[in-house]
Amino acid sequence: MCGIIGYIGKQKAAPVILEGLKRLEYRGYDSAGVATLYDGHFDTAKKAGRVDGLIKATKAQKLPGTTGIGHTRWATHGGVTDTNAHPHISNDGKIALIHNGVIENYVGIKKFLTGKGYTFTSETDTEVLCNLIDYHYQKEPVTKEGSRFLEAVRKTLRHVEGTYGIAVMCADCPAEIVAARKGSPLILGVGDGEYMLASDVAAIISRTQNVVYLKDGEMVHMTAKNFTITTLEAEDVSPVIDTVSWNIEDAELNGYAHFMEKEIFEQPAALENTMRGRFSEDGSTAQFGGLNISAADFRQIDRFHFLACGSAWHACLVAEHLIERFARVPVEVDYASEFRYRNTPLDRSTLFFTVSQSGETIDTLAAMREAKRKGYKVLAINNVVGSTIAREADGGVYQHVGPEIGVASTKAFTSQLLLGAMLALYIGRMRDMSFSDGVDYVNALKSAPQLVRQVLEQAPKIREIAKRYAHYHDFLFLGRLSLFPVALEGALKLKEISYIHAEGYPAAEMKHGPIALISEQCPSLFLVPAGEMFNKVVSSMQEIKARKGKIIAVLSTGCELPAGLADDVIHIPECHEAVLPIIATVPVQLLSYYITVELGRDVDKPRNLAKSVTVE
Ligand code: AGP
């Protein structure tokens, strides 16, 4: 999704903005641009392609202004071209603007402005915004320049339908930026004699850890000396300055080849951070600080309903299995994008959870709003403090795994698995789970980081296996019960970063169609844990082997497969059911990562993808 950054301060804005754009690359984009304001005019550079290309292009260009805005564009309206890249400038050169979101009524606005003599050079919805601001700016009475500019933006936004996170400069107003948000994230960074705007903290963390999380419907007017926040209705808002808990090192590679590699290997520490302070003194259950719902009310819940997208949805499927297994309460899991429109009949004693690493996924946000509109409480599991979903939920649990920069979710996913397991414990122990079972369960969760370390030690072996499977064009991932969602996650990991077609299935489902795909050209990865399903999964493997399908087995240590059944084996330590999905995930993450590296693909910024999908 698009990335936004703005800067006002004592330094030249361009270097700050270009560094910020580099840190926003992980959000996913296809073009980038920067504009600075100096001596009553804008100096602008914008290009399709990577930020490095933009940086190269600006080397030959003077960008002297100390006020500037920058943008990485994830195309919605209009192709990937230099012209469609942001910033956009109004016809008379007075207004420069960047935008994250979708202006749903841009066609009508464009028609109105065309009738007023405005012309357009791009195919974007965004360009109508800067010309409409200019239209209002020309009509605003000339009072204090800043307020004329601010009121022109305010008037414009009152005509806009859709979503936006915008930052705007006016050529008549040096050292001023107006910004606003509705449905797209925007934060204000309060630095030492400088102010910044950004889509997320990663863009500005190198300059400040003091941020204000803007809310939907709020506008900010930044100058070189201060900032004020108002609502679209011009009501004053008292800003709350938060301090970000992580720092620039967390957003650096620190010697790893890719953020995805770093975040896979960070998982033991991430799991420890997720659990920290969240077990009861007697060690028999979990405890959460921010649920904002009493244990008594929790006990009255007859059904849990999870809403999420992508990997987070896979984590919900595992939570469903564990809550039903250990707490004996029915759980429903919905794709957030489907729930919004399905209008499913609901039981009044339902408690909703959203799961979202970014806390900004528009489908999950909209699904949460739909559930709240119907009077249901919604708790949020997410990783970004101050994110929109976190702020609009009735309560929730932060994952505390630090920034996840790689587009492919890894440490955030296993952290979500852990929190799902902790929820199952929490609910189970307020119902029928015994004290001793609770203690065993807690000890199992506490062992997860060390068990993950054991699997990570096999990385070199998994890399060798990956080299042997990197040239295939199709892959099946197969697992049962709580490992079926892990099979789905493995397939998603592989397809989203290597572009190899991969599908996840319940292992027994092979017989109902997918087995037609099996040949020597379509390998399968089976998740084969010790336990009641072991022999059943082995039977499915034999059906594949009988049709010459290659097999990678993720196998519990201590289990033995018939000779020759698996072509390659990755061992995982035997463990409690509650942590099995976490442990079984690590091999499929590593396999996908190393296959992608082998193919030389862009691991952290795969084509067409964004870290946080903030458009429908
Ligand atoms: C997972 O690797 C993908 N990046 C994607 O499916 C992601 O999980 C999904 O977009 C949900 O994102 P969220 O957790 O930030 O809501």
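The values are calculated or read from the model by the stated rules, or taken from the named source; none is laboratory data. Remember, it's a predicted structure, so these values are computed and weren't measured experimentally. Quick reminder, even Gly has a Cβ in these numbers, built from the backbone with ideal geometry, and neighbours come from all protein chains shown.
Comparison of 509, 520, 532 shows that the only residue that is touching a Lys or Arg at 6+ places or on another chain (Cβ under 7 Å), more than 16 Å from the ligand (Cβ to nearest atom) and either within 30 Å of residue 75 (Cα to Cα) or not basic (Lys, Arg) (or both) is 520. Restricting attention to segment 352-365 and to residues that are closer than 14 Å to residue 319 by Cα and of a type in the set (A, V, I, L, M, F, W, C), the residue that is farthest from the ligand (Cβ to nearest atom) turns out to be 352. Condition check for residue 604 on (1) part of a helix (DSSP H, G or I); (2) within 16 Å of the ligand (Cβ to nearest atom); (3) under 30 Å from residue 72 (Cα atoms); (4) of a type outside the set (Val, Ile, Thr): one failure, at (1).
Would you pick out the residues in segment 335-351 that are in a strand (DSSP E or B) and within 16 Å of the ligand (Cβ to nearest atom)? 335, the sole residue that qualifies.
Sub-6 Å Cβ pairs linking a first residue in segment 414-426 that is farther than 19 Å from residue 330 by Cβ to a second residue that is hydroxyl-bearing (Ser, Thr, Tyr) and surrounded by 24 or more Cβ atoms within 10 Å (Cβ to Cβ), at least 6 apart or interchain, are 414/585; 415/274; 418/274, ordered by first then second residue.
Within the set 261, 272, the sole residue that is acidic (Asp, Glu), surrounded by fewer than 19 Cβ atoms within 10 Å (Cβ to Cβ) and either in contact with a Cys (Cβ under 8 Å, 6 or more places away or on another chain) or under 30 Å from residue 445 (Cβ atoms) (or both) turns out to be 272.
Within segment 366-383, track down each residue that is in contact with a strand residue (DSSP E or B) (Cβ under 8 Å, 6 or more places away or on another chain) and either within 14 Å of the ligand (Cβ to nearest atom) or hydrophobic (A, V, I, L, M, F, W, C) (or both). Don't jump to the end; show me each part of the working.
Taking segment 366-383 as the starting set, the residues that turn out to be in contact with a strand residue (DSSP E or B) (Cβ under 8 Å, 6 or more places away or on another chain) are 367-368, 371-372, 376-383.
Of everything in segment 366-383, those that are in contact with a strand residue (DSSP E or B) (Cβ under 8 Å, 6 or more places away or on another chain) and either within 14 Å of the ligand (Cβ to nearest atom) or hydrophobic (A, V, I, L, M, F, W, C) (or both) turn out to be 367, 368, 371, 378, 379, 380, 381, 382, 383.
Of the candidates 544, 515, 595, 570, the single residue that is in contact with a Lys or Arg (Cβ under 9 Å, 6 or more places away or on another chain) and part of a strand (DSSP E or B) is 570.
In segment 46-72, which residues are surrounded by fewer than 17 Cβ atoms within 10 Å (Cβ to Cβ) and in a helix (DSSP H, G or I)?
Pass one, segment 46-72, residues surrounded by fewer than 17 Cβ atoms within 10 Å (Cβ to Cβ): 49, 52-53, 56, 59-62, 64.
Those that are surrounded by fewer than 17 Cβ atoms within 10 Å (Cβ to Cβ) and in a helix (DSSP H, G or I): 52, 53, 56, 59.
Here is the figure for segment 438-463: residues that are of a type in the set (Asp, Glu) and in contact (Cβ under 8 Å) with a residue 12 or more places away in the chain total 1.
Within segment 299-307, is there a residue that is free of Cβ contacts under 8 Å to residues at least 12 places away in the same chain, among the aromatic types (Phe, Trp, Tyr) and either surrounded by fewer than 17 Cβ atoms within 10 Å (Cβ to Cβ) or on the phi < 0 side of the Ramachandran plot (or both)? Break it down stepwise before answering.
Residues of segment 299-307 free of Cβ contacts under 8 Å to residues at least 12 places away in the same chain: none.
Looking through segment 299-307, none of the residues is free of Cβ contacts under 8 Å to residues at least 12 places away in the same chain, among the aromatic types (Phe, Trp, Tyr) and either surrounded by fewer than 17 Cβ atoms within 10 Å (Cβ to Cβ) or on the phi < 0 side of the Ramachandran plot (or both).
Residues of segment 387-416 that are assigned to a helix (DSSP H, G or I) and within 13 Å of the ligand (Cβ to nearest atom): 388, 389, 390, 411, 412, 413, 414, 415, 416.
Quick check, is residue 485 of a type outside the set (Val, Ile, Thr) and under 30 Å from the mean Cα position of the chain (by Cα)? So residue 485 fits the description; yes. From the list 502, 553, 563, 578, the lone residue that is away from the ligand (no atom under 16 Å from the Cβ), free of Cβ contacts under 8 Å to residues at least 40 places away in the same chain, outside any helix (DSSP H, G or I) and under 30 Å from residue 405 (Cα atoms) is 553. Within segment 352-369, being touching a residue at least 24 places away in the same chain (Cβ under 8 Å) and either farther than 20 Å from residue 27 by Cβ or in a strand (DSSP E or B) (or both) holds for 352, 353, 354, 355, 356, 367, 368. Would you point out the residue of segment 302-332, among those that are of a type in the set (Val, Ile, Thr) and over 12 Å from residue 428 (Cα atoms), that is nearest to the ligand (Cβ to nearest atom)? This residue is 318.
Residue 204 meets the conditions (1) surrounded by 24 or more Cβ atoms within 10 Å (Cβ to Cβ); (2) under 21 Å from residue 14 (Cβ atoms); (3) at pLDDT 95 or above in every case but one. The failed one is (3).
Restricting segment 81-130 to residues that are of a type in the set (D, E, K, R) and in contact with a His (Cβ under 9 Å, 6 or more places away or on another chain), the residue that is farthest from residue 198 (Cα to Cα) is 123.
Screening residue 543 on (1) away from the ligand (no atom under 16 Å from the Cβ); (2) touching a strand residue (DSSP E or B) at 6+ places or on another chain (Cβ under 9 Å) shows it passes everything except condition (2).
For residue 39, indicate whether it is on the phi < 0 side of the Ramachandran plot and surrounded by fewer than 23 Cβ atoms within 10 Å (Cβ to Cβ).
Details: on the phi < 0 side of the Ramachandran plot: no; surrounded by fewer than 23 Cβ atoms within 10 Å (Cβ to Cβ): yes.
Judged against the criteria, residue 39 is not a match.
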